[in-house]
Amino acid sequence: MFGARRNPTLWLIMTRQFWVLIHRYAGLYMAFFLIVAGLTGSILAFRGEIEHWLTPENYDEYYPITIQAKPVLDPFELRERAMALEPGAQCNSVPPHTESGKVFTLACEIVTHKGKDETTEYRNISLNPYTGERIPINLPNPFNEPSLWPVTRKNIMACILLLHYELLLGDEVGLKIFGIAALIWTLDCFVGFYLTLPKFRSNPFPSSANISASHFGRDCRNDGLKKMGSQTKPRSFWQRWQVAWKIKWPSSTQRLNFDLHRASGLWFWPFLFIFAWSSVMFNLRDEVYNPVMKRLFEVSEADPYQTLPQPLYHPPIDFMDAYAIGKRLMAEQAHRKGFTVLKDLGLDYDPVKGHYSYLAHSSRDLTEITTVTTLWLDATSGAFKGLKLSTGEKSGDTITAWLVSLHLVTVWGLPYRMFVCVFGLVISMLSITGVYIWFKKRRTATIKRNIITPVANLSGQVN
């Protein structure tokens, strides 16, 4: 402590006022971003339902196929027919099953050559599952950037999504700006929590009830006087801290804003941190999230395999054989590592790295939407190359799987979606009340300065 007093910089950092200033200006920087993210996040909690309602024509079930007596074609046969219908098409992702009475859709990459120029277009190809004939419908391809203007019912949810994490800027700039705000938010979670803790004091009986009156005004002064009058023994840490968890009602506007800001921050603190750090994961994954997680936890690589000297577009092992090999290898790994394969999700091929990815929903996954068990096999030899489990193997992977699922609202069904919808409003409220508190204190300080300075000048002139 004495060493800190001899070092002015260290002494400043150790003071509570220093962290109050850090929290204040961090909050002012984050306010706009968190208000936008909170309000849009409340809407995105029900994104799937809203998109189904606004654009039913973007979903396969909108185009029913007459059920026929004959069996549906194999998905790998339908893949070959799709590529034959579209010259230059590469359909490198195939679902494992064909559903009766439902349009079969493949997301394909269309490569066209004009002279020396090569262009790539992502397009969906929809087929009749019984005949393999092309169905002239235009389902949106997830790899294509949505058109943001003009705003219509077809793209409004895409606009809200891009506004949520990159301010509609459409490039890396918005992503990084939001990422910086998320990083500051993550660090400020700890600063804000610290500032809710009661001040340490050697004398448990404060000499004046005006200790916190400057923060809250007359309400807090009266509370202090009442407590001072009835104080008979030192209050414990929890007795002093529990005030921060409560919202006094009725009270002045300033006190109510402060209580809402402080108490809501405490009650929702775990989810504030979860959403802050997961935002860093989405926006600054390579720059911040991965280095920190690798430093603290055991983390596996997303796809650790090297690229080939030349892309292998036509591997020796075709999709049908690769699917059979992948299914067998996954069963072997499930037996060895003690998990259960619940559902096949499909087969992907990466010509740049020359391997297949067999995707499945297993007992190690939180959901089949955001967490997937992945097995890689060599497209030339069929040899097992690697396996990635969402949870239960590496601590960093488990944490990441939970962060993704919680942020994207894919766990715990409707109750959790309703909670996140309300939580988004809480995030906006915390920012608005924080700005209000700063504005009131700034205005009070300005008034005091304008009154005291002229009086001091006048006093000097009289003397």
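List the helices (runs of 4 or more DSSP H) that sit entirely inside the stretch 1-75 and contain at least 2 residues that are surrounded by 12 or more Cβ atoms within 10 Å (Cβ to Cβ) and either at pLDDT below 85 or not basic (Lys, Arg) (or both).
Where helices (runs of 4 or more DSSP H) fall fully within the stretch 1-75 and carry at least 2 residues being surrounded by 12 or more Cβ atoms within 10 Å (Cβ to Cβ) and either at pLDDT below 85 or not basic (Lys, Arg) (or both), they are 8-14, 16-44, 47-54.
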Can you report the number of residues in the stretch 89-130 which are touching a strand residue (DSSP E or B) at 6+ places or on another chain (Cβ under 7 Å) and assigned to a loop (DSSP other than H, G, I, E, B)? 7
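Give me the residue from the stretch 181-192 that is out of contact with any Ser or Thr (no Cβ under 9 Å at 6 or more places or on another chain) and either surrounded by 16 or more Cβ atoms within 10 Å (Cβ to Cβ) or of a type in the set (Val, Ile, Thr) (or both) and, out of that set, nearest to ASN283 (Cα to Cα). It would help to see each step written out before you state the result.
First, the residues of the stretch 181-192 that are out of contact with any Ser or Thr (no Cβ under 9 Å at 6 or more places or on another chain): 184, 187-192.
Adding the requirement that they be either surrounded by 16 or more Cβ atoms within 10 Å (Cβ to Cβ) or of a type in the set (Val, Ile, Thr) (or both) leaves 184, 188-189, 191-192.
Details: ILE184: 13, ASP188: 17, CYS189: 18, VAL191: 22, GLY192: 23 Å.
Checked the stretch 181-192; the qualifying residue nearest to ASN283 (Cα to Cα) is ILE184.
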In the stretch 147-180, the residues that are surrounded by 14 or more Cβ atoms within 10 Å (Cβ to Cβ) and more than 19 Å from the chain's Cα centre (by Cα): LEU148, LYS154, ASN155, ILE156
Filter the stretch 403-431 for residues that are surrounded by fewer than 18 Cβ atoms within 10 Å (Cβ to Cβ) and among the aromatic types (Phe, Trp, Tyr); which is modelled with the lowest pLDDT? TRP412
Just one of the numbered conditions (1) over 35 Å from the mean Cα position of the chain (by Cα); (2) under 27 Å from SER428 (Cα atoms) is not true of PHE46; which one? (1)
Just to be sure I understand, how many residues within the stretch 290-322 are over 30 Å from PRO75 (Cβ atoms), in contact (Cβ under 8 Å) with a residue 12 or more places away in the chain and part of a helix (DSSP H, G or I)? 3
Condition (residue is without any contact (Cβ under 8 Å) to a residue 60 or more places away in the chain and hydrophobic (A, V, I, L, M, F, W, C)) applied to the stretch 128-140: is it met by at least one residue? no
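Scan the stretch 362-387 for residues that are crowded, with 17+ Cβ neighbours inside 10 Å and assigned to a loop (DSSP other than H, G, I, E, B) and jot them down.
Passing the criteria: ARG364, ASP365, LEU366, THR370, THR371, VAL372, ALA379, GLY382.
Does VAL94 fit the bill of being at negative phi, touching a Gly at 6+ places or on another chain (Cβ under 7 Å) and free of Cβ contacts under 8 Å to residues at least 24 places away in the same chain?
No: the conditions fail for VAL94.
Filter the stretch 76-88 down to residues that are modelled with pLDDT of 85 or more and in contact with a strand residue (DSSP E or B) (Cβ under 6 Å, 6 or more places away or on another chain) and give me whichever is surrounded by the most Cβ atoms within 10 Å (Cβ to Cβ).
ARG79
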Could you identify the single residue in LEU359, LEU329 that is part of a helix (DSSP H, G or I) and either of a type outside the set (Gly, Ala, Ser) or surrounded by fewer than 20 Cβ atoms within 10 Å (Cβ to Cβ) (or both)? LEU329
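The values are calculated or read from the model by the stated rules, or taken from the named source; none is laboratory data. Since we're looking at a predicted model, the values are computed, not measured. Cβ coordinates were reconstructed from backbone atoms using ideal geometry, including for glycine residues, and neighbour counts include every protein chain displayed.
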